[in-house]
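The values are calculated or read from the model by the stated rules, or taken from the named source; none is laboratory data. Just so it is clear, the structure is predicted and the values come from calculations on it, not from any experiment. Note: ideal-geometry Cβ built from the backbone for every residue, glycine included; neighbour counts use all protein chains shown. Note: areas computed on protein heavy atoms with side chains; ligands, DNA, RNA excluded. Shrake-Rupley method; radii C 1.70, N 1.55, O 1.52, S 1.80 Å.
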Amino acid sequence: MKIVDLIHGLPKGSTYYSFEYFPPKTTVGLENLMSRITRMSNNMLPLFSSVTWGTAGSTASVSVLLSKLLENQHKVPACLHLTCTNVDRKVIDETLETAKNAGIRNILALRGDPPLNSDHWEGKLSAFEHAVDLVRYIREKYGDYFCIGVAAYPEGHADSNVPELSRDPVHDIPFLVEKVKAGADFIMTQIFYEPNVFIEFEKTLRNHESGVFRDITIIPAVMPIQSFSILKRMIRLCGCSIPESLIKRLESVKSDDEAVKSIGVEHAVDMIKTILESTDHRILGFHFCTLNLEKSVARILKNSSLLTRRWEQYESQLKDGKTLKNTRRRLSLDETPELHNHVVIPPDDSLKGISASLRNQPNETALATHRDSLTADAPFSVSEGSGVLGRQANWDDFPNGRFGDPRSPAYGEIDGYGPTLHFPPQEALRLWGYPVDESDITSLFQRHIKNDIHAIPWIDETVDDETKMISQHLLNVNGRTWWTVGSQPTVNGAASTDPVFGWGPKGGKVYQKAFIEFFISSKDFEKYLKKWHDNEQITYYAGNKKGDFLTNAPSDGASAVTWGVYPGREIIQSTIIAEVSFKAWMNEAFDVWAEWAYLYSKNTATRKLLDHCTNDRWLVSIIHHDYMDNDGLWKALEVA
C-alpha cells in the first residue's frame, strides 16, 4: 500500500511510526539484518519501513532486495530511497521497474551527491540534477502508481562537514515547494535533536504562502543516540544542533555507553511527547533511523507509549476483521532451532546463496521467534534486551563503525551511504591542496596525525586521544610513505569508564590488541611480506585495486582485537577483523582514492599522481596478538 493511504486509513488521532534500515556491508551482516527486521517487524508493528540507497547507486541490488523482503515476506510496506545524481539513468529505470514488479509502491526521491567535476562519472546517462527532476520523471513515467516522498531540512540543507556554508531553512523552502508541486505526496525530515526547531519549521511550512504544505503529510525523523562518538559524527555530517543541556549530560557519561544510550532514549521520548503536544495533532508519526540496531528504538517506543497505542490499534483492527492474524509471519517456539550467540563468518562475501543460508541460519533467526499471541510485552522484551534471548538479540549493541564486528548489521560507517569524501569540492581542495609527488601526500597524513588539518580523504574527523598516544609511532610509519588509515594501541584491562579506552557498561575491564592499517607501495610490500608472514604473533590482510588478496590467516579465521569483560555478562567483542570485513573496507578504501582523484581534471600532475597511487598501492592491515607487549607491533614494522 501507499504510505499516505496507510496513514489516512488510520483512526483519527492515531499515532504511528516507521523504521529505516541501511544495506550492511557484509553478507553475514545482511543475513543478521534480515533476522533483525523479522523481529522488529513482528514485535513492533511499524506502519512501514524504508531502505537507504548508497552513493551513486552503490547498494542498488541490496536496497531492492531488502525492500522486497519487507513487502513480500513480512507484509510491511516498503519505501525505497532513490538518489538520482551520479547514477546511470539505466540503473534508475531498472530499479523503478523492479520495484513496481515487486509491488513496492513508495519511493523517497533524493538528490544525492553532486558530481565533483565535469569528467566525474563521464559517460553516465543521468539527466537528473536535483530531486525535483526525479519526482517529475517518476510521475511522467508511472503516473500515480508510486507514492513519492521528498526530504526537508528543519535547520537547512547541509552539503558537507562544513554545514555553515549552506544552511538556511528559509532558503530551502522554494525548492521544497517545487518538489511538492511536481508530485510529492509526503515529506520526511532530516534528523534533529532540538524539538522546537522542528515545531517552528512545521509551522512555517503550514503557513507558507504557496499553500502546498497545508495538508501534506510531514514525518519527522528520529535517530536514537547510540554512542557519543556516533552522535558527534552525525552532528558533523548533518549539521544538526544539540541542546546545551543534552550535551552536558552526555559529556558527563561519554565513556559509559549504556548511560549514553539511556540519556538518548530519554531525550527522544521527550522530543516525541513535545512534538505530539505542540503540533495540535498535525504530527502523529515518527520515522526512526535505526542504524540497523533495535534496543534503543524498542525502549523509545515503549517509554513514549507509541508501542502500546500501536498494539491497541492492531488488536482493534483484528477484532474488526481488518487485519489477518497471520498477515505478518510469526514463528512458534516449536520452530526454534538451537540458539547460538552469533554467526560464523562465511568465506564468500557475496549475495549468492542468501536465501538458502537464511533457511539454515541457527542463530538470529531463532531470536525473531515468539509465541503466537497478541500481547506486546513478552516478545517485545527480547528487543529491549531482557533475558537470555534479549542479550543475544542485542549482542552487537555497542557498534564501533568500520572497526566493529562484520557480523553485525550495523558494521561500517554509520551513515550507510557508501564511499564519499564527505566534503564539497571547494572544502576538500582547501584541506588537501594539489599534491604533485608522494612527499606531499605523506605530509598530509602527518599533518592530520598532528591535528594540523582536521581530515584526510579516508578519515573525516580529527585524531582521537587514543591515537595521540601512539602518534610518534604513526609519524614514523608515515615517514616511510606507508600512509596510515587506522590503528590502535594495546590495552590490558583498562576500566570500562576510562576516559580514553573505556566503553560499555560500568564495572568492566577492556582489552585491545595493537593493529595498524596503511597503504604501502608494491615495491615495499614485496620486500616486507615474508617478514610479516613468518611472525607467529602477526596476522595480516592485504589487497590492491586489481583485486589481488593475500593473508596468513586461516580461511575461516577472525581476530577479536577489542573486547570487554563485564559483571553478569558474556565477554563482548566489539571489534573483529576478518577477511570479510577487510575486503569490504578495502573496496571502499580504493573507491575513496578515486573520489579524491576526481577532484582534479585529467592530465594534471595531481590527477596522475593519485591515479598512480590507486593502481600501485596495497592496503595492508596488521594485527599483533600479544596485547601485553606494547612494542610488539612497532618492532614488526621496523626496517628489515
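Here are the numbers for this structure:
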read-out: Whole-Hz couplings from phi, Karplus 6.51/-1.76/1.60, listed for the stretch 31-48; x for Gly and Pro; value: 4, 5, 5, 4, 5, 5, 4, 4, 5, 5, 5, 6, 8, 10, 6, x, 5, 7
read-out: The stretch 289-310 versus the stretch 554-625: alpha-carbon centroid distance in Å; value: 33 Å
read-out: Debye log10 I(q)/I(0) at q = 0.08, 0.11, 0.18 Å⁻¹ for the stretch 419-637, Cα point scatterers; value: -0.30, -0.57, -1.39
read-out: Trypsin sites (Lys or Arg not before Pro) restricted to the stretch 504-580 and DSSP loop, no more than 16 other C-beta within 10 Å; value: 506, 546, 569
read-out: Length released on extending from residue 4 to residue 450, taking residue separation times 0.36 nm less the Cα-Cα span; value: 155.4 nm
read-out: Reachable lysines from residue 635, criterion Cα separation under 21 angstrom, eight or more residues apart if same chain; value: 468, 513, 523, 527, 530, 531
read-out: Largest to smallest accessible area among 438, 638, 461, 294 [probe 1.4 Å]; value: 638, 461, 438, 294
read-out: Extension gain (nm, one decimal) between residue 75 and residue 626, 0.36 nm per residue minus Cα-Cα; value: 193.4 nm
read-out: Within straight-line cross-link reach of residue 254, lysines at Cα separation under 18 Å, skipping those fewer than 8 residues along the same chain; value: 232, 506, 509
read-out: Listed residues 454, 533 arranged by accessible area, highest first, probe 1.4 Å; value: 533, 454
read-out: Protein-only accessible surface order, largest first, of 473, 8 at 1.4 Å; value: 8, 473
read-out: Under 21 Å from the Cα of residue 273 - lysines, other chains or at least 8 residues apart; value: 12, 203, 261, 295, 302
read-out: Extension gain (nm, one decimal) between residue 144 and residue 251, 0.36 nm per residue minus Cα-Cα; value: 33.7 nm
read-out: Shape call, the stretch 191-245: gyration tensor on alpha carbons, a/c limit 1.5; value: prolate
read-out: Three-way shape label, the stretch 3-319, alpha-carbon gyration tensor, a/c 1.5; value: rounded
read-out: Per-pair calculated FRET efficiency, R0 = 51 Å: residue 196 and residue 635 via Cβ, rounded to 0.05; value: 0.35
read-out: Note, ³J(HN,Hα) from phi for the stretch 475-481, Karplus 6.51, -1.76, 1.60, rounded to Hz, x at Gly and Pro; value: 4, 5, 5, 5, x, 8, 6
read-out: Normalised contact order of the stretch 419-637, rounded percent, pairs of Cα under 8 Å and 6 or more residues apart; value: 23 percent
read-out: Signed unit charges on C-beta, dipole axis of the stretch 419-637, positive-most listed residue 463, 443, 488; value: 443
read-out: Modelled FRET efficiency - R0 41 Å, residue 262 with residue 524, Cβ distances, 0.05 increments; value: 0.30
read-out: Charge dipole magnitude, Cβ of K and R +1, D and E -1 - the stretch 555-604, Cα centre, debye nearest 20; value: 120 debye
read-out: Heavy atoms of residue 281 accessible to a 1.4 Å probe, total area in Å² rounded to 10; value: 130 Å²
read-out: With all protein chains modelled, accessible area of residue 539 [1.4 Å, Å²]; value: 20 Å²
read-out: Two-site label geometry, residue 443 and residue 464: point separation in nm, points 7 Å out along Cα→Cβ; value: 3.0 nm
read-out: Loop sites in the stretch 572-640: trypsin sites (Lys or Arg not before Pro), DSSP, at most 15 other Cβ within 10 Å; value: 602
read-out: Computed magnitude of the charge dipole of the stretch 419-637 (debye, nearest 20; Cβ of K, R +1, Cβ of D, E -1); value: 220 debye
read-out: With DNA, RNA and ligands ignored, accessible area of residue 145 (1.4 Å probe; Å², nearest 10); value: 50 Å²
read-out: For residue 561, residues with placed amide H under 5 Å, excluding near neighbours; value: 575, 576, 577
read-out: Sequence-distant residues sharing a close amide H with residue 288 (under 5 Å, placed H); value: 18, 19, 20, 222
read-out: Residues listed by number, the stretch 605-640, amide nitrogen under 15 Å from residue 565 label point at 7 Å toward C-beta; value: 627-628
read-out: Estimated vicinal HN-Hα couplings, Hz - the stretch 504-521 in sequence order (Karplus 6.51, -1.76, 1.60; Gly, Pro = x); value: x, x, 5, x, x, 10, 10, 9, 9, 8, 6, 8, 8, 10, 7, 8, 10, 5
read-out: Accessible area of the stretch 419-637 divided out per residue, in Å², using a probe of 1.4 angstrom; value: 41 Å²
read-out: Global form of the stretch 76-116, assessed from the alpha-carbon gyration tensor, a/c cut-off 1.5; value: oblate
